[in-house]
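Let me begin by presenting the structure, written as structure tokens, before commenting on it.
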Amino acid sequence: MKKLFILSLFILAALSACQKNEKDEAVPQTNGKLEIKFDHFVGTERFALNQSFTNPSSGESFTPTLLKYFVSNFRLIKEDGSEYVLPAEQNYFLIDPTDNSLQKIQVENLPAGKYTAIEFIIGVDSLMSTKDVSERPPVLDPAGQAQDMYWSWNPGYIFVKFEGTSPQSSESGNVFKYHIGGYGGYDTPSINCIRSRRIEFGEAVMVNGDHTPSLHLIVDVLKFFNGSTSLKIAEHPVVMFNSFATAIADNYKEMFVLDHIHED
Ligand SMILES: [Cu+2]
């Protein structure tokens, strides 16, 4: 009985604290920030270069030597369904799991409000891909930051570049190479590897001058192999600009999953 009494006191206190908070909180309408972090895993293990991993589904093992990709066209969806799209020149990002400065995105100047989802493209949209180079943001400069993420022979970006070695690869040096991307260049206009991903928060997250939430996404590299299509290194050690690329794009879209949110 005494326990129950203490428990109800506790609940009452908690309830009134909540109510008080809600009542007292004058919601600042100043623009806020949002951070999006990309944490790379292979199943339950942390992703690392030059380390051997095993794909439990195929039994194949692989040692990554390079992984980089573009994400772009972020839009943030509010509770009321309205959307905020980042300014075009600030809406392209290169993610590199081996570079600490390239695993995080800061969205600045976000209108205050409650947000419930984000949507983004893995890769680069066709409109930007066909703009004059001088009009593209620095991260997409084929002669600069995007140097090794661009096909000069068939204008277009490599959206996702994943390389490594595997005993299952029949290529010389046992290498595997997946360079997925492109935009309808003159060779094979039918290949479209642009994929968008929507991530629901499962709750409304407040953003304003006082609240800078951080979204932690898990990027599970295993999904690259194990998605709607099973990618076996033994069967496809090298995939670049061919029709199988779209199946891989379907797979890697599934790599991005929300793990948790720091509401701050
Ligand atoms: Cu976290």
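The values are calculated or read from the model by the stated rules, or taken from the named source; none is laboratory data. What you see is a predicted model; the values in this text were computed from it and never measured. Quick reminder, even Gly has a Cβ in these numbers, built from the backbone with ideal geometry, and neighbours come from all protein chains shown.
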Single condition Asn251 does not satisfy, out of (1) in contact (Cβ under 8 Å) with a residue 60 or more places away in the chain; (2) away from the ligand (no atom under 15 Å from the Cβ): (1)
Being of a type in the set (Ser, Thr, Tyr), within 16 Å of the ligand (Cβ to nearest atom) and assigned to a loop (DSSP other than H, G, I, E, B) is the filter here; which residues of the stretch 209-248 pass it? Thr212
Looking only at the stretch 144-175, count every residue that is among the small types (Gly, Ala, Ser) and either in contact with a strand residue (DSSP E or B) (Cβ under 9 Å, 6 or more places away or on another chain) or crowded, with 20+ Cβ neighbours inside 10 Å (or both) and tell me the total. 6
Would you mind telling me which numbered condition in (1) free of Cβ contacts under 8 Å to residues at least 40 places away in the same chain; (2) crowded, with 17+ Cβ neighbours inside 10 Å Ser228 fails? (2)
Which residue pairs have Cβ atoms closer than 6 Å, lie 6 or more positions apart in sequence or on different chains, and pair a first residue in the stretch 123-147 that is under 20 Å from Val160 (Cβ atoms) with a second residue that is β-branched (Val, Ile, Thr) and at pLDDT 90 or above? Gly123/Ile194; Gln145/Val139
Test result for His260, within 16 Å of the ligand (Cβ to nearest atom) and not hydroxyl-bearing (Ser, Thr, Tyr): yes
Conditions first: (1) surrounded by 14 or more Cβ atoms within 10 Å (Cβ to Cβ); (2) assigned to a strand (DSSP E or B). Arg198 passes all but one, so which condition is the exception? (1)
Just wondering, is there one or more residues in the stretch 85-105 that are more than 19 Å from the chain's Cα centre (by Cα) and part of a loop (DSSP other than H, G, I, E, B)? no
Of these, Tyr92, Tyr69, which one is touching a Lys or Arg at 6+ places or on another chain (Cβ under 9 Å), closer than 18 Å to Glu35 by Cβ and of a type outside the set (A, V, I, L, M, F, W, C)? Tyr92
Please determine, by comparing only the residues of the stretch 106-121 that are at pLDDT 95 or above and hydrophobic (A, V, I, L, M, F, W, C), which one is farthest from the chain's Cα centre (by Cα). Ala117
